[in-house]
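Heads up: the structure comes next, in structure tokens.
The values are calculated or read from the model by the stated rules, or taken from the named source; none is laboratory data. Only a predicted model underlies this, so the values are computations on that prediction, with no experimental measurement involved. A quick note on method: Cβ atoms are made from the backbone with ideal geometry, for glycine too, and the neighbour counts reach across all protein chains shown. Remember, those area values only see protein heavy atoms, side chains included, never the ligands or the DNA or RNA. Shrake-Rupley method; radii C 1.70, N 1.55, O 1.52, S 1.80 Å.
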Amino acid sequence: MSDDSKSANAMWGGRFSAGPDAIMEAINASIGYDQRMAQQDIDGSRAHASMLAAVGVITDKDAEAIREGLSQVLTEIEGGSFAFSTTLEDIHMNVEARLKEIVGEPAGRLHTARSRNDQVATDFRLWVRDQMDAAIDGLEALMRALLGQAEAGADWVMPGFTHLQTAQPVTWGHHMMAYVEMFARDMSRFRDARTRMNECPLGSAALAGTSFPIDRHMTAEALGFDRPTANSLDAVADRDFALEFLSSATICAMHLSRFAEELVIWSSAQFRFVRMSDKWSTGSSIMPQKRNPDAAELIRAKIGRIMGANIGLMTVMKGLPLAYSKDMQEDKEQVFDAADNLMLALAAMTGMVSDMAANTDALEAAASSGFSTATDLADWLVRALNMPFRDAHHVTGSLVAMAEARDCDLPNLSLADMQSVHAAITDEVFGILGVHNSVASRTSYGGTAPSEVRKQITRWKEALS
């Protein structure tokens with residue numbers, strides 16, 4: 001038996017006499033990835049030690065030695081000199097073993113009234129809570145970048161699409177504000193999930209609580225939780241907080257992917273709606289004219305990894321009885337990967353939005369094509385001629401067919417042409433057919449009119465400030 005194996009067995013206690021073989025060690029160890037929770041693990045242990053001393057379970061002297069030793073461990077980890085061992089399985093055992101080397105006997109008292117089950121549940125909650133805060137900050141930065149674009153282009157006209165076919169004119173600002181609303185919902189989901197998960201499992205021990213006179217409210221407060229968890233079984237078995245993070249991240253990544261797809265389309269030579277800066281574009285190894293929107297394409301792909309993590313953890317948890325099973329060790333890698341990719345995608349999208357340049361001439365030309373003001377014509381027939389909308393729809397369709405046959409747009413038809421379809425049409429109709437007139441008329445709450453867009457920009461600036 002190696003010294004490392006002996007060390008691992010010493011941590012386990014006297015129940016096991018032989019060390020794990022290499023395969024068992026490989027499948028059992030999580031230190032390769034859960035060392036990312038070192039800060040959270042040490043924060044939890046400091047709070048636990050202080051509480052144990054406060055209630056008289058350990059002495060103040062031992063608690064102080066533990067806290068100082070943990071500070072040294074954290075310094076070593078942050079400085080890169082800490083030697084992680086796979087035989088010690090995870091971050092919790094690695095930290096405790098090194099603490100024992102530093103402070104000796106007091107380290108053995110740290111694990112009083114707790115288990116690795118409540119310890120890992122606490123560490124993981126702390127880590128996920130940090131990621132929720134980071135996601136909220138990242139979303140706010142992206143929303144501010146979108147607000148900047150919306151304010152600059154509140155009255156730039158562009159085509160609005162349904163089925164990727166020209167539908168009605170909208171404003172650039174209105175389109176940007178649509179994503180502000182989407183990402184605001186993502187922010188709300190992360191905030192809601194953070195509130196729900198902000199309960200402290202520490203002190204639940206293995207599954208049944210502890211007979212020691214601990215103060216769980218004290219540790220909860222020290223770690224920034226709102227309260228301790230109310231059921232020890234649920235506390236160690238729960239991974240809803242990670243699933244809610246992944247669910248929120250998946251929806252957010254889906255929104256990022258939708259916007260990324262639009263940027264890919266808009267930056268193409270066929271659309272020329274936007275020009276992405278050199279920071280977010282790449283060239284081709286063979287075609288010198290190419291400007292590839294690679295950053296947007298990579299953001300578009302991130303949804304696969306993040307959604308995969310969500311499904312993966314849901315699958316891990318779906319068949320587990322209470323309370324803890326080793327399956328739950330598979331909860332972290334996918335959450336870590338999803339969090340990394342979400343933060344990267346948010347940062348990249350914020351950068352692209354901040355410095356992309358809209359081609360206003362191309363936007364307006366596209367807005368004026370495809371009979372985009374047909375609905376305005378139908379609405380005018382209803383208002384001016386008191387025509388039932390279904391009849392107005394039919395008349396407008398006939399005029400569109402006429403313009404299409406003549407290869408022109410609706411404003412290019414003559415009054416006589418229009419009156420040949422419906423005699424009551426007057427020359428007032430030409431006042432509503434321009435794309436600027438169209439967007440200016442959409443003044444209903446939440447509409448695309450520049451005046452309404454600016455109201456929404458003001459509302460969101462106030463909300464974010």
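Find the residue count for the stretch 74-101, including only residues that are modelled with pLDDT of 95 or more, β-branched (Val, Ile, Thr) and open to solvent by less than 50 Å² (accessible area, probe 1.4 Å).
Qualifying residue count, the stretch 74-101: 2.
List the number of the failed condition for Arg194; all other conditions in (1) over 17 Å from Arg129 (Cβ atoms); (2) crowded, with 16+ Cβ neighbours inside 10 Å; (3) not β-branched (Val, Ile, Thr) hold.
(1)
Could you count how many residues in the stretch 326-347 are of a type in the set (A, V, I, L, M, F, W, C) and open to solvent by 20 Å² or more (accessible area, probe 1.4 Å)?
To start, the set of residues in the stretch 326-347 that are of a type in the set (A, V, I, L, M, F, W, C) comprises 328, 335-336, 338-339, 342-347.
Within this subset, residues satisfying the condition of being open to solvent by 20 Å² or more (accessible area, probe 1.4 Å) are 343-344, 347.
Matching residues across the stretch 326-347 total 3.
Picking from Ala107, Ala134, which residue would you name as being in a helix (DSSP H, G or I) and more than 30 Å from Asp337 (Cβ to Cβ)?
Numbers: Ala134 fails: more than 30 Å from Asp337 (Cβ to Cβ).
The match here is Ala107.
Select from the stretch 39-73 the residues that are open to solvent by 20 Å² or more (accessible area, probe 1.4 Å) and among the hydroxyl-bearing types (Ser, Thr, Tyr) and write down the one among them that is farthest from Met328 (Cα to Cα). It would help to see each step written out before you state the result.
Taking the stretch 39-73 first, the residues open to solvent by 20 Å² or more (accessible area, probe 1.4 Å) are 39, 43, 46, 50, 54-57, 59-62, 64-65, 67-68, 71-72.
Now restrict to residues that are among the hydroxyl-bearing types (Ser, Thr, Tyr): 50, 59, 71.
On the way: Ser50: 29, Thr59: 34, Ser71: 29 Å.
It comes out as Thr59.
Within the stretch 74-97, can you find the residues that are in a helix (DSSP H, G or I) and more than 23 Å from Glu333 (Cβ to Cβ)? Before you say what the answer is, go through the steps one by one.
Within the stretch 74-97, the first condition is being in a helix (DSSP H, G or I), and the residues that meet it are 74-79, 86-88, 91-97.
Correct list: Thr75, Glu76, Gly79.
Considering (1) outside any helix (DSSP H, G or I); (2) at negative phi; (3) open to solvent by 20 Å² or more (accessible area, probe 1.4 Å), say which one Ala323 fails and leave the rest.
Here Ala323 meets the rest and fails (3).
Out of all the residues in the stretch 339-357, which are over 13 Å from the mean Cα position of the chain (by Cα) and assigned to a helix (DSSP H, G or I)?
Gly351, Met352, Val353, Ser354, Asp355
Going through the stretch 372-386 one residue at a time, which ones are closer than 16 Å to Phe161 by Cβ and either assigned by the TED database to the domain that holds Trp280 or part of a helix (DSSP H, G or I) (or both)?
Ala374, Thr375
For residues that are farther than 20 Å from Ala135 by Cβ and open to solvent by less than 10 Å² (accessible area, probe 1.4 Å), tally how many sit in the stretch 238-273.
Quick first cut of the stretch 238-273, residues farther than 20 Å from Ala135 by Cβ only: 238, 261-273.
Now restrict to residues that are open to solvent by less than 10 Å² (accessible area, probe 1.4 Å): 263, 266, 273.
Residues flagged as farther than 20 Å from Ala135 by Cβ and open to solvent by less than 10 Å² (accessible area, probe 1.4 Å) within the stretch 238-273 amount to 3.
Exactly one condition in (1) closer than 23 Å to Gln149 by Cα; (2) polar (S, T, N, Q); (3) more than 45 Å from the chain's Cα centre (by Cα) is not met by Thr360; state its number.
(3)
Quick check on this structure: which one of Asn359, Asn437 is at pLDDT below 90 and among the polar types (S, T, N, Q)?
Working: Asn359 fails: at pLDDT below 90.
Testing whether each residue is at pLDDT below 90 and among the polar types (S, T, N, Q) leaves just Asn437.
Residue-wise test of (1) of a type outside the set (A, V, I, L, M, F, W, C); (2) in contact with a strand residue (DSSP E or B) (Cβ under 6 Å, 6 or more places away or on another chain).
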{"residue": "Leu413", "(1), (2)": "no, no"}
{"residue": "Ala416", "(1), (2)": "no, no"}
{"residue": "Ile425", "(1), (2)": "no, no"}
{"residue": "Ser438", "(1), (2)": "yes, yes"}
{"residue": "Ser441", "(1), (2)": "yes, no"}
{"residue": "Gly447", "(1), (2)": "yes, no"}
{"residue": "Thr458", "(1), (2)": "yes, no"}
{"residue": "Leu464", "(1), (2)": "no, no"}
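So which residues in the stretch 423-465 are over 18 Å from Met158 (Cα atoms), open to solvent by 60 Å² or more (accessible area, probe 1.4 Å) and either of a type in the set (Asp, Glu) or over 35 Å from the mean Cα position of the chain (by Cα) (or both)?
The answer is Ala423, Asp427, Glu428, Phe430, Glu462.
When you scan the stretch 203-215, do you find a residue that is buried (at least 20 other Cβ atoms within 10 Å of the Cβ), in contact (Cβ under 8 Å) with a residue 40 or more places away in the chain and within 22 Å of the chain's Cα centre (by Cα), even just one? Show your work before the answer.
Initially, the stretch 203-215 is screened for residues buried (at least 20 other Cβ atoms within 10 Å of the Cβ), giving 203-205, 214.
Still in the running and in contact (Cβ under 8 Å) with a residue 40 or more places away in the chain: 203-205, 214.
If we keep only those that are within 22 Å of the chain's Cα centre (by Cα) too, we end up with none.
The answer is no, given that none of the residues of the stretch 203-215 is buried (at least 20 other Cβ atoms within 10 Å of the Cβ), in contact (Cβ under 8 Å) with a residue 40 or more places away in the chain and within 22 Å of the chain's Cα centre (by Cα).
What pairs can you find where one residue is in the stretch 361-390 and among the basic types (Lys, Arg), the other is in a helix (DSSP H, G or I) and modelled with pLDDT of 90 or more, and their Cβ atoms are less than 8 Å apart, with a gap of 6+ or different chains?
Listed by first residue and then by second, the contacts come to nothing, as the list is empty.
Quick one: which helices (runs of 4 or more DSSP H) sit completely within the stretch 188-290 and have at least 2 residues that are touching a Phe, Trp or Tyr at 6+ places or on another chain (Cβ under 8 Å), closer than 30 Å to Leu363 by Cα and assigned by the TED database to the domain that holds Leu346? Let's see the steps before the verdict.
On the way: elements: 216-222, 232-237, 240-266.
Filter on the stretch 188-290 gives 240-266.
Kindly provide the set of residues from the stretch 392-407 that are touching a helix residue (DSSP H, G or I) at 6+ places or on another chain (Cβ under 9 Å) and open to solvent by less than 80 Å² (accessible area, probe 1.4 Å), ordered by number.
Matches in the stretch 392-407: Ala392, Val395, Thr396, Gly397, Ser398, Leu399, Val400, Met402, Ala403.
Considering only the stretch 130-149, state which residues are in contact with a Phe, Trp or Tyr (Cβ under 8 Å, 6 or more places away or on another chain) and under 18 Å from Arg185 (Cα atoms).
Gln131, Met132, Ala135, Ile136, Leu139, Leu142, Met143, Leu146, Leu147
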